[in-house]
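Remarks on the structure that follows.
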Amino acid sequence: MTTLSIDHVSRWFGNVVAVNDITMTIGPGVTGLLGPNGAGKSTLINMMGGFLAPSTGSVTLDGRPVWRNEAIYQHIGIVPEREAMYDFLTGREFVVANAELHGLGPKAAQRALATVEMEYAQDRKISTYSKGMRQRVKMASALVHDPSLLLLDEPFNGMDPRQRMQLMDLLRRMGDEGRTVLFSSHILEEVEQLARHIEVVVAGRHAASGDFRRIRRLMTDRPHRYLVRSSDDRALAAALIADPSTSGIEVDDTEGALRVQAVDFGRFTELLPRVARDHGIRLLTVSPSDESLESVFSYLVAA
């Protein structure tokens, strides 16, 4: 079971602080790394992969330092965001070259190409590949030595919907096998579907960690929004709006429901069933309307 530890890591370039005192632990399974452009995600991944030295702090894999430790690359596979590749090589030649760096032969490269379903184009020059095909052959190169830790920086870039689903299934299987997989993505819906755990970085700082729904519920200082259906929406709205835990209610005739904004999460969760009981109103549906990853992310970035 591979564990990646980032301990009080900072990285600056001249006067620019790209990563500021981040501590996190990445364990087995699939972890999503989130943050807006310029948040420091790529810098952080490069330090995790041993391609960039921390200015302060340390990055270790199962207790062993990552920076300047050649032996650690036997356990790490990385798919960088940058598109620059050896375009004069075929896909197969590119993956075989990486296999040879690990002391492996063509069979390992063939297995990796089959894993990402790139056998059909393996003898074409990389210069003829689409962006999605380039991503897949980079993935094959990262998998050729069967690493226990996989780091992927925006791996879904340029992929069509079918390719994205294939890669999501592959990463999910790898996480289920007990490998440690971390990927960054700006496509929040994909992260929500794939990652069991998220780490959020905003302006170089560690903003949040954990399951995104749990993070949202812990954010009690911000409004929570609910979609409520009942046997008498208007009577329920009149009763709820009188309480200070509720800051706004909208009757949505199209949905046949109430859209409620609660500023006191704990008080509102006790208030709603009590008010319904006291007024003889049946609650048909009560569901959060802002627990998507996009909603959580927007709150964190704005914080």
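The values are calculated or read from the model by the stated rules, or taken from the named source; none is laboratory data. Predicted model only: the values in this text are computed from it and were never measured. Cβ placement follows ideal geometry from the backbone for every residue including glycine, while neighbour counts extend to all protein chains displayed.
Of the residues LEU149, LEU167, LEU113, which is modelled with pLDDT under 95 and in the same structural domain as PHE212 (by TED's automatic domain parsing)?
Sole residue among the options that is modelled with pLDDT under 95 and in the same structural domain as PHE212 (by TED's automatic domain parsing): LEU167.
Identify, please: which residue in the stretch 119-178 is among the hydroxyl-bearing types (Ser, Thr, Tyr) and farther than 18 Å from LEU4 by Cα and is, among those, surrounded by the most Cβ atoms within 10 Å (Cβ to Cβ)?
Taking the candidates together, the pick is SER141.
Can you run down the residue pairs with Cβ atoms below 7 Å, 6 or more apart or on separate chains, where the first is in the stretch 17-43 and within 14 Å of ARG196 (Cβ to Cβ) and assigned by TED's automatic domain parsing to the domain that holds LEU188 and the partner is of a type in the set (D, E, K, R) and part of a loop (DSSP other than H, G, I, E, B)?
That search, which allows pairs on different chains as well, returns PRO28/ARG179; GLY29/ARG196; VAL30/ARG196.
Does the stretch 140-153 hold any residues that are in contact with a Leu (Cβ under 7 Å, 6 or more places away or on another chain) and assigned to a helix (DSSP H, G or I), and which are they?
Matches in the stretch 140-153: ALA140, ALA142.
So ILE187 fits all but one of (1) farther than 30 Å from LEU170 by Cα; (2) within 12 Å of the chain's Cα centre (by Cα); (3) not charged (D, E, K, R); what number is the exception?
(1)
Taking the stretch 74-93 on its own, how many of its residues are without any contact (Cβ under 8 Å) to a residue 60 or more places away in the chain and farther than 14 Å from PHE156 by Cα?
Counting residues in the stretch 74-93 that are without any contact (Cβ under 8 Å) to a residue 60 or more places away in the chain and farther than 14 Å from PHE156 by Cα gives 10.
Just checking, does the stretch 227-237 include any residue being farther than 28 Å from HIS8 by Cβ and assigned by TED's automatic domain parsing to the domain that holds ALA18?
no
Would you please list the contacts, defined by Cβ atoms under 6 Å and residues six or more apart or on different chains, that run from a residue in the stretch 268-285 that is assigned by TED's automatic domain parsing to the domain that holds LEU236 and under 15 Å from LEU227 (Cα atoms) to a residue that is in a helix (DSSP H, G or I) and modelled with pLDDT of 90 or more?
LEU283/ALA276
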